[in-house]
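Colleague: Just passing along the structure, written as structure tokens.
The values are calculated or read from the model by the stated rules, or taken from the named source; none is laboratory data. Not measured: the values here are computed from a predicted model. With ideal geometry, Cβ positions are generated from the backbone for all residues, glycine too; neighbour counts draw on all protein chains shown.
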Amino acid sequence: MGVYEENIIPIKISRLAEYVSRVKRISLDDALLYIYINPMYEKLYDERSKWWYLSTEALYDEFELWRSRQTQDVGYEAFEFYTYCLEKFALAERISGLRAWVIFKESEVDKYITDYYDLLHTQGTEYVIEDIRRFISRRKI
């Protein structure tokens, strides 16, 4: 990636954050979080995709398209179970829901829970929370 691209991406992100903030009526910090947690963010730095050439509105549309695909991929029951696990884990660890969410994202617990929903949702809460702890500890190694 050239110097031009490396310098234009922060500008694109700033403009995208302002646009997201305005369209979704959220703070600029929340808009940045929206951008940074979306895998589309990484594509901005992909030399082959050249996403940095898109307009702010087109980038936003791509981010929204990715989000809509993600919510359709996971069924309602799996999402409900994931949320249940997230909240129970936060309570068990005595942390905020947001902190639990970050841990789940960083260690890919969210994907683990939804991928193995059929098996996990038949287990007791204590077992599932302990299983999540084991999964997270294995990811740190």
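Colleague: Against the conditions (1) within 30 Å of Ser137 (Cα to Cα); (2) at pLDDT 90 or above; (3) not assigned by TED's automatic domain parsing to the domain that holds Tyr117, where does Glu42 fall short? Just the number, please.
Modeller: (2)
Colleague: Take Ser68 and decide whether it is farther than 26 Å from Leu119 by Cα, modelled with pLDDT under 90 and surrounded by fewer than 16 Cβ atoms within 10 Å (Cβ to Cβ).
Modeller: Working: farther than 26 Å from Leu119 by Cα: no; modelled with pLDDT under 90: yes; surrounded by fewer than 16 Cβ atoms within 10 Å (Cβ to Cβ): yes.
Here the answer is no, as Ser68 does not meet what is asked.
Colleague: Can I ask one more? Restricting the range 120-141 to residues that are aliphatic (A, V, I, L, M) and closer than 16 Å to Phe81 by Cα, which is surrounded by the fewest Cβ atoms within 10 Å (Cβ to Cβ)?
Modeller: Step one: of the range 120-141, the residues aliphatic (A, V, I, L, M) are 120, 128-129, 132, 136, 141.
Right, trim to closer than 16 Å to Phe81 by Cα and you get 120, 128-129, 132.
Values: Leu120: 19, Val128: 20, Ile129: 17, Ile132: 24.
Checking each candidate, the answer is Ile129.
Colleague: Would you mind finding the one in Tyr60, Tyr82 that is free of Cβ contacts under 8 Å to residues at least 60 places away in the same chain, in the same structural domain as Asp115 (by TED's automatic domain parsing) and among the aromatic types (Phe, Trp, Tyr)? It would help to see each step written out before you state the result.
Modeller: On the way: Tyr60 fails: in the same structural domain as Asp115 (by TED's automatic domain parsing).
Of Tyr60, Tyr82, the one residue that is free of Cβ contacts under 8 Å to residues at least 60 places away in the same chain, in the same structural domain as Asp115 (by TED's automatic domain parsing) and among the aromatic types (Phe, Trp, Tyr) is Tyr82.
Colleague: Give me a count of the residues in the range 38-58 that are under 27 Å from Leu98 (Cα atoms) and loosely packed, with under 12 Cβ neighbours inside 10 Å.
Modeller: Qualifying residue count for the region: 2.
Colleague: Can you name every residue in the range 88-119 that is closer than 11 Å to Ile136 by Cβ and surrounded by 13 or more Cβ atoms within 10 Å (Cβ to Cβ)?
Modeller: The first filter runs over the range 88-119 and keeps only residues closer than 11 Å to Ile136 by Cβ, leaving 89, 93, 100, 103-104, 106-109, 112.
Within the range 88-119, Phe89, Glu93, Ala100, Ile103, Phe104, Ser107, Glu108, Val109, Tyr112 qualify.
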